[in-house]
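**Student:** Structure in structure tokens, see below.
The values are calculated or read from the model by the stated rules, or taken from the named source; none is laboratory data. Nothing here was measured: the structure is a model prediction, and the numbers come from that model. Counting neighbours? That spans all protein chains shown, and the Cβs are built from the backbone with ideal geometry, glycine included. We work out accessible area using only protein heavy atoms, side chains counted, and drop any ligands, DNA or RNA first. Shrake-Rupley method; radii C 1.70, N 1.55, O 1.52, S 1.80 Å.
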Amino acid sequence: MAEPRFRRPAMLDMEEAEQIEGDIDPADRALIAHETALALVSQARESSDPTLTARLVRLVDEEGIDTVAMLWSKAGAHTLPGALWRIYMLREWVKHDADAVARSYHHGVHAAHVRHAIAGVEDPPGPTEVRALADSVLSGVFSGDLAVALERAGAFCRVVATGAAYEAESDDGHNDRRAHQTALRAAQLLRTGEDLERCAAMWREDRLD
């Protein structure tokens, strides 16, 4: 019998991924989302097994984005499954569009230097560096200080959002369609950054579940 083939993630942006519909009964979705998120985080942190952490970082690579979306994409922004979904999506976006992400990050560094320090991206912030940051943040969720990992992800989003806003302003009047799309991306990233930072505060107050 042939081994089952994993579905590889499609190259989605963050907005498109949020539209994925799972086939779980809506009445059960919230409970399943919270239980699976807590089980993954708790077991990984209790085991302190780097092999398990590495497997969880690669979860979307192996299972496909639709599997993760089915579990967590409809969870509230200020919940543990909602935070995990946003960080996994952030990693996917960075992995598939690292050049553009690095360019926006570079443009945003000087205007958001405090957030840059929190995010911890190595200088100069090229594609390799932003990919490493995405993996590092996700590893921190399962093996480090979860609040710090969430803060780093939030800061990263804010820096990229700042750079994207600059790019949108630069395109205004020259390429209006691209300027509009980039401005929307900047707003979405800013909102995601704010959500992740709030989740970090809630984790510290033992209110994130």
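**Student:** List the residues, sorted by chain then number, that are 5 or more residues from LEU208 or on another chain and whose placed amide H is less than 5 Å from its amide H.
**Tutor:** Distant-sequence amide H within range of LEU208: TRP203.
**Student:** Full-extension gain between ARG55 and ALA77, please, as 0.36 nm times their residue separation minus the C-alpha to C-alpha distance.
**Tutor:** 5.5 nm
**Student:** Would you check the accessible area of ASP123, probe 1.4 Å, heavy atoms only, in square angstrom rounded to 10?
**Tutor:** Near enough 110 Å² of accessible area.
**Student:** THR128 to ASP145: extension gain in nm, 0.36 nm per residue of separation minus the Cα-Cα distance?
**Tutor:** Full extension from THR128 to ASP145 adds 3.8 nm.
**Student:** Run the numbers on the stretch 57-154 and let me know its relative contact order in percent, using alpha-carbon pairs under 8 Å that are six or more apart.
**Tutor:** RCO, the stretch 57-154: 26 percent.
**Student:** Right, next: List, in order, the whole-Hz ³J(HN,Hα) value for each residue of the stretch 39-50 obtained from phi through the Karplus relation with A = 6.51, B = -1.76, C = 1.60 and θ = phi - 60°; use x for Gly and Pro.
**Tutor:** Running phi through 6.51 cos²θ - 1.76 cosθ + 1.60 with θ = phi - 60° gives 5, 4, 5, 5, 5, 5, 6, 6, 7, 6, 9, x Hz.
**Student:** Taking the Cβ-Cβ separation of SER42 and HIS110 as r and a Förster radius of 41 Å, what is the calculated FRET efficiency to the nearest 0.05?
**Tutor:** 0.55
**Student:** Here's something else I'd like to know. Need one word for the stretch 57-108: rounded, prolate or oblate. Basis is the Cα gyration tensor (sqrt eigenvalues a ≥ b ≥ c); a/c below 1.5 gives rounded, then a/b vs b/c decides.
**Tutor:** Oblate, since a/c reaches 1.5 and b/c is not below a/b.
**Student:** Can you tell me which of 34-45, 182-193 comes out highest on packing, and rank the rest after it, using the mean Cβ neighbours within 10 Å?
**Tutor:** Result, highest mean Cβ count within 10 Å first: 182-193, 34-45.
**Student:** Across the stretch 185-202, in residue order, what do the Karplus-derived ³J(HN,Hα) couplings come to in whole Hz, using 6.51 cos²θ - 1.76 cosθ + 1.60 with θ = phi - 60° and x for Gly and Pro?
**Tutor:** Those phi angles translate into 5, 4, 5, 5, 5, 4, 5, 5, x, 5, 4, 5, 5, 5, 4, 4, 5, 5 Hz.
**Student:** Let me ask another. Counting heavy atoms of the protein chains only and a 1.4 Å probe, report the per residue accessible area for the chain as a whole number of Å².
**Tutor:** Accessible surface, normalised per residue, equals 53 Å².
**Student:** With an 8 Å Cα cut-off and a minimum separation of 6 or more residues, compute the relative contact order for the chain in percent.
**Tutor:** About 23 percent, as a whole number.
**Student:** Return a whole-number percent for the relative contact order of the stretch 127-208, with Cα pairs under 8 Å and 6 or more residues apart as the contact set.
**Tutor:** 34
**Student:** Just subtract the alpha-carbon distance of ASP176 and ASP206 from 0.36 nm times their residue separation and send over the number in nm, one decimal.
**Tutor:** 6.3 nm
**Student:** Report the Cα centroid-to-centroid distance between the stretch 52-97 and the stretch 167-185 in angstrom, as an integer.
**Tutor:** Here the two parts' Cα centres lie 28 Å apart.
**Student:** Give me Rg/Rg_expected for the chain, where Rg uses Cα atoms only and Rg_expected = 2.2 N^0.38 Å with N residues.
**Tutor:** 1.02
**Student:** Using only Cα atoms and rounding to the nearest 10 degrees, what angle (0 to 90) does helix 98-109 make with the longest principal axis of the chain?
**Tutor:** Value to nearest ten degrees: 60.
**Student:** For the stretch 24-82, what does the convex hull of the Cα positions come to per residue, in cubic angstrom?
**Tutor:** Each residue corresponds to 75 Å³ of Cα convex hull volume.
**Student:** Here's a follow-up. Counting each DSSP H run of 4 or more residues in the chain as -39500 (n - 2.57), what helix-only mean residue ellipticity at 222 nm follows after dividing by all residues, to the nearest 500 deg cm²/dmol?
**Tutor:** -24000 deg cm²/dmol
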